[in-house]
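Notes for the one structure printed next.
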């Protein structure tokens, strides 16, 4: 449950934004923008992956401290 809420929900949320932006750019014929949006989304996911991974590695300690 903790992994689902803290990791997958964040990543799926960011990726769902990509669907909207890429479909609009593709509809307008701006195919280069599609690639730019894809690369930015990959970079954002990687940047956010680091703190979430650190949180997951220390989840047991955090949950014990929380009671």
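Within region 1-35, work out how many residues are assigned to a helix (DSSP H, G or I), loosely packed, with under 14 Cβ neighbours inside 10 Å and over 15 Å from the mean Cα position of the chain (by Cα).
Going through region 1-35 one residue at a time, the tally reaches 8.
Any residue in region 35-64 that's within 21 Å of residue 16 (Cβ to Cβ): show its pairings with residues that are modelled with pLDDT under 85 and loosely packed, with under 12 Cβ neighbours inside 10 Å at Cβ separation under 8 Å, as long as the two are six or more apart or on different chains.
Pairs found: none.
The values are calculated or read from the model by the stated rules, or taken from the named source; none is laboratory data. From a predicted model like this one, the values you see are computed outputs, not experimental measurements. Every residue, glycine among them, receives a Cβ derived from its backbone with ideal geometry; neighbour counts consider all protein chains shown.
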